[in-house]
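A.B. asks: So that we are looking at the same thing, I have put the structure below in structure tokens.
The values are calculated or read from the model by the stated rules, or taken from the named source; none is laboratory data. None of these values were measured; they are calculated from a predicted model. Positions of Cβ are generated from backbone atoms using ideal geometry, with glycine treated the same way; all protein chains shown enter the neighbour counts.
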């Protein structure tokens, strides 16, 4: 899909989705991402199918306890939501590409700086693997309404990543 054909506001420079061409990237050293210790605790999230994707939001009454700093970011960013991109074809569900190659899926962890309103999105490509014993597992149990319990989510170590500047447009109710 080419977003700009359906949504003309997505036709600008540096718009999502992007194709990261590794031969054109510039290597730069950033500090490591720093995740607040609350990322290692069990929490309850609201998970909603909005008709376009699955969106997970923190089920707390106050500001998000999940903080992100470092990695070239200016300031502290708070978790807002996560959402998924996938397709029936296990080779083309990701929103973005690397060297023209799409992946089975992509998960985005959206963080917002409460002072500047800047957005930082951590995107992780997902691969399909029939050997589920080697995959990380997310157990989801429905409790009531749209509230789900999740278990066994592992925070990965960030060794190499691409930092991109893109204009993010929220289209209708899609994430």
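A.B. asks: Are there any pairs with C-beta distances below 9 angstrom linking a residue in the stretch 40-53 that is in contact (Cβ under 8 Å) with a residue 12 or more places away in the chain and on the phi > 0 side of the Ramachandran plot to a residue that is surrounded by fewer than 13 Cβ atoms within 10 Å (Cβ to Cβ) and part of a loop (DSSP other than H, G, I, E, B), with the two at least 6 apart or on different chains, and if so which?
C.D. replies: 51/173
A.B. asks: Within the stretch 37-51, work out how many residues are surrounded by 13 or more Cβ atoms within 10 Å (Cβ to Cβ) and part of a helix (DSSP H, G or I).
C.D. replies: Residues in the stretch 37-51 being surrounded by 13 or more Cβ atoms within 10 Å (Cβ to Cβ) and part of a helix (DSSP H, G or I): 2 in total.
A.B. asks: Another question, if that's okay. Within the stretch 69-82, does at least one residue satisfy the condition of being surrounded by 12 or more Cβ atoms within 10 Å (Cβ to Cβ) and at pLDDT below 85? Give the derivation first.
C.D. replies: Quick first cut of the stretch 69-82, residues surrounded by 12 or more Cβ atoms within 10 Å (Cβ to Cβ) only: 69-73, 75-82.
Pick out the ones that are also at pLDDT below 85 and you get none.
No, the stretch 69-82 contains no residue that is surrounded by 12 or more Cβ atoms within 10 Å (Cβ to Cβ) and at pLDDT below 85.
A.B. asks: Sticking with this one: Within the bounds of the stretch 18-36, is there any residue that is touching a helix residue (DSSP H, G or I) at 6+ places or on another chain (Cβ under 9 Å), touching a residue at least 24 places away in the same chain (Cβ under 8 Å) and either part of a strand (DSSP E or B) or under 16 Å from residue 111 (Cα atoms) (or both)? Reasoning before the result, please.
C.D. replies: Taking the stretch 18-36 as the starting set, the residues that turn out to be touching a helix residue (DSSP H, G or I) at 6+ places or on another chain (Cβ under 9 Å) are none.
Looking for residues that are touching a helix residue (DSSP H, G or I) at 6+ places or on another chain (Cβ under 9 Å), touching a residue at least 24 places away in the same chain (Cβ under 8 Å) and either part of a strand (DSSP E or B) or under 16 Å from residue 111 (Cα atoms) (or both), one finds none in the stretch 18-36, hence no.
A.B. asks: Look at residue 88 and say whether it is assigned to a strand (DSSP E or B) and without any contact (Cβ under 8 Å) to a residue 24 or more places away in the chain.
C.D. replies: Numbers: assigned to a strand (DSSP E or B): no; without any contact (Cβ under 8 Å) to a residue 24 or more places away in the chain: yes.
The answer is no for residue 88.
A.B. asks: Working only within the stretch 93-118, note down all residues that are farther than 18 Å from residue 83 by Cβ and in a loop (DSSP other than H, G, I, E, B).
C.D. replies: The answer is 99, 100, 113, 114, 115, 116, 117, 118.
A.B. asks: A further question follows. Identify all residues within the stretch 103-115 that are over 11 Å from the mean Cα position of the chain (by Cα) and modelled with pLDDT under 85; write none if there are none. Explain how you work it out, then say what you get.
C.D. replies: From the stretch 103-115, those over 11 Å from the mean Cα position of the chain (by Cα) are 103-104, 112-115; that's our starting set.
103, 104, listed by residue number.
A.B. asks: crowded, with 17+ Cβ neighbours inside 10 Å, touching a strand residue (DSSP E or B) at 6+ places or on another chain (Cβ under 7 Å) and modelled with pLDDT of 55 or more - does that describe any residue in the stretch 124-137?
C.D. replies: Quick first cut of the stretch 124-137, residues crowded, with 17+ Cβ neighbours inside 10 Å only: 125-126.
If we keep only those that are touching a strand residue (DSSP E or B) at 6+ places or on another chain (Cβ under 7 Å) as well, we get 125-126.
Now drop any that are not modelled with pLDDT of 55 or more, which leaves 125-126.
Yes, the stretch 124-137 has at least one match.
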